[in-house]
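J.: Before anything else, here's the structure in question.
The values are calculated or read from the model by the stated rules, or taken from the named source; none is laboratory data. Predicted model, so just to flag it, every value in this text is computed and none were measured. Here the Cβ is made from the backbone with ideal geometry for all residues, glycine too, and neighbour counts use every protein chain on show. Accessible surface areas use protein heavy atoms only, side chains included; no ligands, DNA or RNA. Shrake-Rupley method; radii C 1.70, N 1.55, O 1.52, S 1.80 Å.
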Amino acid sequence: MDVLTEAIRVSGARGALGVVLKAGGTWGLWLDASPGAALHVVSRGTMWLHVPGGKPLEVRAGDAVLLPPGTAHGIAGGSGTTMGPCDRKATARALTDGSALHLGSTPAQTEVLVLRYEQDPEVSTPVLTSLVRPMHVTSRENAQLRKTVELLTAELAQPQAGTTAAVNSIVDLLLIQFVRVWLARHPEKQSGSWLAAMRDPVVRDALACVHGRPEHPWTTESLAATTAVSRTTLSRHFRSALGQTPGAYVTQWRMDLASVRLRDTDEPVESISGAVGYASPHAFSRAFRRARGMPPGEYRSRLRKRSRQMITGNT
């Protein structure tokens, strides 16, 4: 079981191209906080990243910088440039027709690919939120990332059949590469960070068991036995890496799986309860109510009603 792959799949951590920004002369743009993570890839020229409380960061051609979800920030052509608000109409137009968003004067000297990553709001496993500060990766530091950026740039420069699918796949690949760099940079354990838990072999092996067989009646004792450590050792490692007990994580993962299935399938609650490890629908409903504040049937109905409202534009 590739725990990271499974967690990203279930959490719905997917990326998409936002806009291609082309800028020249003196330019600056302030971007308000948004729920998703932002990735800026500089394909040409130089960009300066401004984050409140931090020093301006120079991001050169071939470099990329990933910002945690909810990070307000600015991008500009200089370290001391005044940044203006985003032109929402121009941005919406660029998002709709795929045109570039132009800033400053022409000719453009800098080109930035603005990407975004979002996580399924119904899933609580914190993959993206493990990133707590901006992460800058240079083209010199990571050859794989450089090649991926070149591939993305080439695909956008000459759109053809399947370009949208190709770009989305490349954007997802960039996230995996950033996670790998993050893990390489943070070999030490950091309490409460899901990604850092991947550095702890005891926790990683236990998570592989839980993710691989969520329907199994896991307990702290059975997880400890399967991973060949004592119950005390397993509990200590979980608290250090994730800030919770093994049992709490098992329940959290099961509720994430159940939430997605309730929303995306027509499976009966009875089937879902067994698939996520509960001996009876009653036990599952009780646990689900504790985790989500309502029984499974009501949860499914509310999500579907909200989805219909979004489609029709009603509130």
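J.: Just report the Cα centroid separation between segment 87-110 and segment 4-66, whole Å.
T.: So the two Cα centres are separated by 15 Å.
J.: Suppose R0 equals 35 Å. What FRET efficiency, 1/(1 + (r/R0)^6) with r the Cβ-Cβ distance, do SER222 and LYS89 give to the nearest 0.05?
T.: Working: r = 57 Å, r/R0 = 1.64.
That gives a FRET efficiency of 0.05.
J.: Using a Förster distance of 25 angstrom, determine the FRET efficiency expected from the C-beta separation of ALA33 and THR265, and round it to 0.05. Intermediate values should be presented prior to the final figure.
T.: Working: r = 33 Å, r/R0 = 1.32.
The calculated FRET efficiency here is 0.15.
J.: Additional query: If you consider only alpha-carbon coordinates, what radius of gyration and Dmax does segment 1-59 have, in Å?
T.: Expressed in Å, the Cα Rg and Dmax of segment 1-59 come to 15.6, 50.
J.: Can you pull the accessible area of GLU58 for me, 1.4 Å probe, Å² to the nearest 10?
T.: 60 Å²
J.: To continue, here is another question. Could you work out the relative contact order of the chain, using alpha carbon pairs under 8 angstrom and six or more residues apart, expressed as a whole percent? Could you put the intermediate results ahead of the total?
T.: On the way: 542 pairs, mean separation 57.9, N = 315.
Relative contact order, the chain: 18 percent.
J.: Given a 10 angstrom Cα cut-off, can you work out which residue in PRO52, PRO69, PRO134 is the most mobile in a GNM of the chain?
T.: Maximum among the listed residues: PRO52.
J.: Using a 7 Å offset from the Cα along the Cα-to-Cβ direction at both ALA208 and GLN244, what is the distance between the two label points in nm, to one decimal?
T.: 2.2 nm
J.: What is the percent carbon and sulfur in the accessible area of segment 1-125, measuring with a 1.4 Å probe over the protein chains and ignoring ligands? Walk me through the intermediate numbers first.
T.: Working: 3020 of 5800 Å².
Ligands and nucleic acids excluded, carbon and sulfur reach 52 percent.
J.: Counting only heavy atoms of the protein chains, get the accessible area per residue of the chain (1.4 Å probe) and round it to a whole Å² value.
T.: 49 Å²
J.: Suppose R0 equals 41 Å. What FRET efficiency, 1/(1 + (r/R0)^6) with r the Cβ-Cβ distance, do SER105 and ARG306 give to the nearest 0.05? Can you show the working numbers first?
T.: Details: r = 44 Å, r/R0 = 1.08.
The formula returns an efficiency of 0.40 here.
J.: Dipole of segment 69-173 (Lys/Arg Cβ +1, Asp/Glu Cβ -1, origin at the Cα centre): which of ASN142, THR81, LEU95 lies farthest to the positive side?
T.: THR81
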